[in-house]
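Since every read-out is calculated from the coordinates, none of them should be taken as a lab result. Quantities reported herein were computed from a predicted structural model and do not represent experimental measurements. Ideal geometry is used to build each Cβ from the backbone, glycine not excepted, and the neighbour counts take in all protein chains shown.
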């Protein structure tokens, strides 16, 4: 049985598909979106987050680290040498104030399913189920397919949240076991998409067109990034594209700053906050898209 690198399993979610859901977050993503609110999801290996503001300088992490990757200046906050850290989680386990968090661990399918099945009664009563998210779940395609198949044949509604930057064969193999696909579209213009995410969008749009041609159960999702993809021109392009391919449901996801602290915790530079930049407001964009006979939700 294969294993998956999972960084979170969130129960009782209501924003990642219909009903009450359990969201399984896969670690690893091929894109590097400049607004990403989950930077800990980008790399596939386990990582240590250090929230220095919560530290009480007890020194336990320094004494516990088997690789001596933690040093503590006199009267200062512990410092982590990431070149020595092997993300074993020993320091996170011993920290009394949760200032250290290990993100990502290998989980077997049965282990994930034990968590998933805790909420069967909620799925049945609300039309909910399991959503595979990330990161990007298709990066770990073998484990993704095993999980979707197990859930599907257990009578659990399945959804995949994807950026679409993957081999078509992965989506094609997953389709028989999917009740819903939440498909992210960051930008329709190739150059802008490359600038914003670090990757071209040709594969993403090609996969989306193939799904539409098969009448797959797709909901388009656009992260709403002020000054980047919320111009009237781009929103109109999105409406034309969706109507042309009979993709009738669109979710707009406004930008938030809830993940900014994670960048410092990973020793990475924070992205620029664009929330006050110009362009259409979410409600204005929704009204414009509705002119194309589309069903628009702001979530």
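Across the stretch 33-147, the mean sequence separation of Cα contacts (distance under 8 Å, 6 or more residues apart), normalised by length, yields a relative contact order of 26 percent. The stretch 109-184 and the stretch 1-80 have their alpha-carbon centroids 22 Å apart.
Against the chain, whose longest principal axis is taken from its Cα atoms, helix 202-213 shows a tilt of about 50°. In terms of its C-alpha gyration tensor, the stretch 98-217 comes out oblate, because a/c is 1.5 or above while a/b does not outweigh b/c. Normalised by 2.2 N^0.38 Å, where N counts its residues, the alpha-carbon radius of gyration of the stretch 47-103 equals 0.97. Looking at the square roots a ≥ b ≥ c of the eigenvalues of the Cα gyration tensor of the stretch 179-299, which shape do they give, rounded for a/c under 1.5, prolate if a/b is larger than b/c, or oblate? Here the stretch 179-299 falls in the prolate category. In a Debye calculation with equal point scatterers on the alpha-carbon sites of the stretch 1-57 and no solvent, what is log10 I(q)/I(0) at q = 0.20 Å⁻¹? Calculated log10 I(q)/I(0) at the listed q: -0.95. Spin-label pair residue 295-residue 203: with each label point 7 Å from Cα along the Cα-Cβ axis, the two points sit 3.1 nm from one another. Where the alpha-carbon atoms of the chain are placed on the principal axes, they occupy 64, 47, 33 Å, in descending order. Rounded to the nearest 5, the antiparallel percentage of DSSP beta bridges internal to the chain is 35%. For the chain, the relative contact order works out to 20 percent when only alpha carbon pairs closer than 8 Å and six or more residues apart are counted. Counting only DSSP H runs of at least 4 residues, each contributing -39500 (n - 2.57), and dividing by the residue count of the chain, the helix-based mean residue ellipticity at 222 nm comes to -8500 deg cm²/dmol. The angle separating the long axis of helix 232-244 from the principal Cα axis of greatest extent in the chain is about 60 degrees. Going from the fewest other Cβ atoms within 10 Å to the most, the residues 106, 47 appear in the order 106, 47. Ranked by how many other Cβ atoms sit within 10 Å of their own Cβ, fewest first, the residues 21, 100 fall in the order 100, 21.
Helix 141-153 axis versus longest C-alpha principal axis of the chain: approximately 70°, rounded to the nearest ten. Sorting 24, 185 from the fewest to the most surrounding beta carbons within 10 angstrom yields 185, 24.
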